[in-house]
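One structure is given below, encoded as C-alpha cells.
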Amino acid sequence: MARRSPVKVIGSRLVQALPVILLATFMVFALLKLVPGDIAVTLAGDNATDARITEIRQIYGLDRSFLVQYGAWLGHVAQGDLSQSLLTGEKVAVSIGRAFPNTLLIVVIALVLALVTGIPMGVMAAIKPNGWVDKLISMIASLGVAVPGFWLAMILVAEFSLKLNWLPATGAKSFSVSPIDAIRHALLPAIAIAAYGMAEVARQLRGALLEVLSSQYVRTLHAKGLSMSRILWQHGLKNVGVNLLTIISLLVNRMLAATVVIEAVFAIPGLGSLIVRGAIQRDFPIVQGVVFTMVVVVIAVNLITDLLCAAVDPRIEQ
Amino acid sequence: MTMTTRREAMALLSGALASTTLGGRAFAQGTPKKGGTLRISAPANPSSLDPATGGAGSDHAFLFTMYDTLVEWEFETLKPKPALAESWKFTDPNTLVLNIRAGVTFHDGTPLDAEAVKFNLDRNRGDAKSNIKADLLSVASVEVTGPQQVTLKLKTPDTALPGILSDRAGMMVSPTALKVAEGGVVTRKPVGAGAYAFVSWADGEKIVVKRNEKYWKPDRPCPDGIEFSIIPELTTGARSVTAGQNDLIYQLPPRQKAIIERASSVKVVHGPTLYVFQIFLNWAKPPFDNIKVRQALNFAIDRESFAKAALAGLAEPAYMNLPKSHWAYDAEVAKLYPYDPDKARKLLAEAGFKEGTPIEIGGYTDQDSVQREEILIEQLRKAGINVRFVNGTVAEASAAFFGAEKKGAGLLSAWTGRPDPSLTYSLMFTKDAYYNAGRAPVPPELEAAIKDSRASEDIEVRRKAFATVQRLVMENAFVVPLAFQFELVAMNKKVQGYRPNLLGKPKYDDVWLEG
C-alpha cells in the first residue's frame, strides 16, 4: 500500500478547500443582502432623507449589483486584502488580528480543561461499565451536554466574580502583554464552554474504550495475565487515539461557534463579538472577513487531524 | 466653567432642577481633584469619530469628550449658552454673528480662529460625505469678519442655529488634520479642541482619550483620561461596573435599576431626557386619516400607568414632544388629553369607526418593545380599540413604515429629540418630512407656526411660538406621545460630579474621581 507524501496531501486538500471558502463566503454575503436592513441607512445618519441614502449608496458603491459587489470583495481577498469596515474604516485584517487571539485563548483553555477532565471520566466509566461510577459519570456527562453555556456562564460570573471576586467578570487582556492576566480573564468563559466538551469527551471515550476492551485480543491479553491498568494504558488508549483526535477536531469547531454567545456574556472582544457587530450593522466586509477566517481555521483543524490520525494509525489511507 | 458660576446658573434654574433627581447632590459634595482614569462601559461602537460623517446618536458620548462645540446647553433645560463662541447675535433676522473665544487651540496646536470655524461650517454644509448638510440648510454663506469673528448669512431667518451649533454641526475639527486626512475625513484620527485628546480606538473594543492639558475651561477636566470599553450587552456592562472593572455605565434600561442597586458599591443617577416613546401615525390613510380616530387613540392611553408599568416608573408621562423641564414646555397643551376611555369611545362612534375593527401598527421585536405593546393593547382594548402589532427589527419595521412601502397605520417607536425643538417639529410635522410617514399635508397654520419658531431670537417669543406649534400638533393628534424615558446611569461610588442632562447623551464635563 503506497502512501502519498504529506506534502501532496496538504496540497490536494488546499485545492479542495477553495470551493468551500468560495461557497461559504458567497452564501453569507447573499444572506446579508437578503435580510432586511441596509448599511446605507446607518451611514446616512439619524434623520436622513431618501435622497441622502441614495447618495450614500453611490459614494460607497452600494448601488452596484450584488454579484459585482461580491466580485470586488473577492478580488481584494485574492490580493491578500480583506478590505475595511464600511462604517469605521478599520482594516478588517487589523480587527481580526486583534480579536482572534482572544477567541483562540478561550478555545485552547476550554479544550485543555475538557480533555483533562473528560479523559479520566471516560476511562473510569469504561473500566466497570454500568457500575455506580459509570452511572455517576453518565449523569454528570448528560448534565454537561444539557446545560446551556450562556446560563452556566452567568452562574459562574455571579459566583466567582461578583460574590467571591476571584476572577474578572468581563473583558479580555492580551496574552503577549500579560499571560497570567489574560488567562485569568479567559478562565470563566473557557469553563463555560468546556462543560460541554468534557461531557462529550467522556461519553465518546467511554464508548470507544468499551468497544476495544470487549475485543478478542483484549481477552487474550487478560488470559496472558496482564493487569487491567496495563491493558488500559498500553493497548486500550492507544487504540482509541484516532477516536480521540476526531472528537478533539469536532470540539474545536464547536467551541469556536460557541464563543459567539459566550463572548457576548463576558464582553470579550473576540471573533464572535466581531461577527455579531458586523452582522447587526450589515457591515459586510467584517462579516465576510470573519467567515473567511473561520472557514480557514476549520479546514486547517480538519487537515491537521487527518494527518495526525494517519500518523497514529498507519492503516488510515490518506 | 468654575463651580461658582455653575452654582449661580443652577440657582437661576432651581425650578427646573427639582425634576432632576440627584442633579443637585452630585456636585455639592467634596472638592474636585485631578487624576485617575475614568473607565466607562459604552453600549455601542461609534459609527465614526468624525462628527460630520458619523450617523448614530450613540456617537455623541465619545464625540463630546474630544470635540468642543460652538454653543453648549444648560444640562437641565437645554437652553443654549456660550462655549467656543463666547457670544452670538442676530444683527438682523438673516445675519448671525459669532464671536469666537480667543486663545483656544486644537489638540494639534492649530489655532481655533474664525478661519477654522468657517472651514468647519463650510465642510459640514457642503462636503459630499457630510451627514449634517440638512442641519445647516438655512445658511447661505459663512464669512470671516474678524480674526475671531464669523458672520453667517442666512437664506431664511433661523434662530434654531445656536441649538444646532451645540450638536454635530457645531463640533470643531482641526482644519490641519482634515486637510491631510485620507478622503478628507477624520473617522479614525479625530483632532478637536475638547477636554480630552484622542489616543486610540480599537473597533468594538476600546476607545482611549487623555486630558487636554491646554483646555480652555479652567481646572477642567479632572481625570487624566477616559477609557471606554465597548460592551453592547447592557447586562454584561452593568456587571462590569458592579464587579469594579468599570466605573460608570450609561443608557441602562429601567429594568436594570433594581438589579444594579443591590450592589452596595454602586450608585444610580437618573433624570428626564427628550427621548420619548410614541406611536407615529400615518394620517394619509385609514383609519388615521380621520382626526377623531387619532384623538380617540390619544384619549385611550393611560400614560401614568404606562410609565409605571412599561418603564418601571423611570419615565415622565408625555403629552407632547417636550418634557416638563424643557424651556419650551407648555403646561396648557399638556392638558389636552387626560386619560378618558369613554371620550375615546364617543369619538370613535362619531367617526363612524366600528368598534373592534383591527388596526395594524408596526413595532419592534425586542423584549422591552413587546412588553410596551402588551400594555398598550390592554389599555386600548378598554376603549374599544383593537390594535394588532406586526413586529420586525428596528431597521426593517422603520423602513417599511416611513419608506416607500407605507406598511401599517402606525409605528410604536421613539423620538430621540433634538437640541432645538424646531427640528423635532419640522422633521415630523411638515409635508415632505421623512417622519411624516404619509407625506400628507399638515394645516398651513402649523407649517407657518414652525417657521415662526425660528424667526425670533428672544426666548420668550420662541416659547410662545412653540406653544402654538405644540397645540396644533396635538389638537390634530398627529402623534401619540407616551412617555419620556429617563437617562439611567450607574457608577462606582468614587465617581463624583456626574450630572444627567436633558438631551440624554452623557457629558462628563465636571466628573472627578475620589481616592
Handout entry: Under 5 Å, built H, 5+ apart or other chain: amide partners of B:ASN386
Key = B:GLY356, B:THR357, B:ILE359
Handout entry: the stretch B:371-464 shape via C-alpha gyration tensor axes, a/c threshold 1.5
Key = prolate
Practice task
Take every DSSP beta bridge with both residues inside chain B and express the antiparallel ones as a percent of the total, to the nearest 5.
Solution key: 75 percent
Practice task
Only Lys, Arg, Asp and Glu count, each charged at its Cβ (+1, +1, -1, -1), so figure out the dipole size of the stretch B:16-164 about its Cα centre, rounded to 20 debye.
Solution key: 340 debye
Exercise for the section: Name the most mobile residue of A:PHE284, A:PHE66, A:PHE29, meaning the one with the largest mean-square fluctuation, in a Gaussian network model of chain A with Cα contacts below 10 Å. Expected result: A:PHE66
Problem - Listed residues A:ALA126, A:GLY61, A:ALA114: farthest to the positive end of the dipole of the stretch A:1-155 (Cβ charges) - result: A:ALA126
Problem - Pairwise centroid distance, computed over Cα atoms, of the stretch B:298-336 with the stretch B:469-515, Å - result: 15 Å
Practice task
For chain A, with a Gaussian network of springs between Cα atoms less than 10 Å apart, report the residue from A:ILE59, A:ILE299, A:ILE109 with the top mean-square fluctuation.
Solution key: A:ILE59
Practice task
Please list the non-local residues whose amide H lies under 5 Å from the amide H of A:GLN84, H modeled 1.01 Å from N, same-chain partners needing a gap of 5 or more.
Solution key: A:VAL92
Problem - Per-residue SASA entry for B:GLU405, accessible area with 1.4 Å probe, Å² rounded to 10 - result: 120 Å²
Completion exercise
If every Lys and Arg gets +1 and every Asp and Glu gets -1 at its Cβ, then about the Cα centre the stretch A:1-153 yields a dipole, in debye to the nearest 20, of 860 debye
Exercise for the section: Report, to the nearest whole %, how much of the accessible area of the stretch A:1-128 belongs to carbon and sulfur atoms, 1.4 Å probe, protein only. Expected result: 71 percent
Practice task
Give a residue-ordered list of calculated ³J(HN,Hα) values for the stretch B:294-310 (Karplus: 6.51 cos²θ - 1.76 cosθ + 1.60, θ = phi - 60°; whole Hz; x for Gly, Pro).
Solution key: 5, 5, 4, 4, 5, 6, 7, 9, 8, 5, 4, 5, 4, 4, 6, 7, 8
Exercise for the section: Compute, for A:MET255, the solvent-accessible surface of its heavy atoms (probe 1.4 Å) with the complete set of protein chains present, and express it in square angstrom to the nearest 10. Expected result: 0 Å²
Handout entry: Whole-number percent relative contact order across chain B, with pairs defined as alpha carbons under 8 Å at least 6 apart
Key = 22 percent
Completion exercise
Across all Cα atoms of the stretch A:218-286, Rg and the largest Cα-Cα distance (Dmax), in Å, are 22.1, 67
Practice task
Go through the stretch B:137-149 residue by residue and turn each phi into a ³J(HN,Hα) via Karplus (6.51, -1.76, 1.60, θ = phi - 60°); whole Hz please, and just put x for glycine and proline.
Solution key: 4, 7, 7, 8, 7, 10, 10, 7, 10, x, x, 10, 9
Problem - Rounded to the nearest 20 debye, dipole of chain A from Cβ charges on Lys, Arg, Asp, Glu - result: 1160 debye
Handout entry: Hz values of 3J(HN,Hα) by residue in the stretch B:441-457 - Karplus curve (6.51, -1.76, 1.60), Gly and Pro given as x
Key = x, 10, x, x, 5, 6, 4, 5, 5, 5, 4, 4, 5, 9, 8, 10, 8
Problem - Per residue accessible area of the stretch B:279-406, 1.4 Å probe, in Å² - result: 43 Å²
Fill in the blank from the handout: Within the set A:SER176, A:SER95, A:SER138, GNM on chain A using Cα springs under 10 Å gives the largest fluctuation to A:SER176
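The values are calculated or read from the model by the stated rules, or taken from the named source; none is laboratory data. All figures in this text were calculated on a predicted structure; none of them were measured in a lab. With ideal geometry, Cβ positions are generated from the backbone for all residues, glycine too; neighbour counts draw on all protein chains shown. Remember, those area values only see protein heavy atoms, side chains included, never the ligands or the DNA or RNA. Shrake-Rupley method; radii C 1.70, N 1.55, O 1.52, S 1.80 Å.
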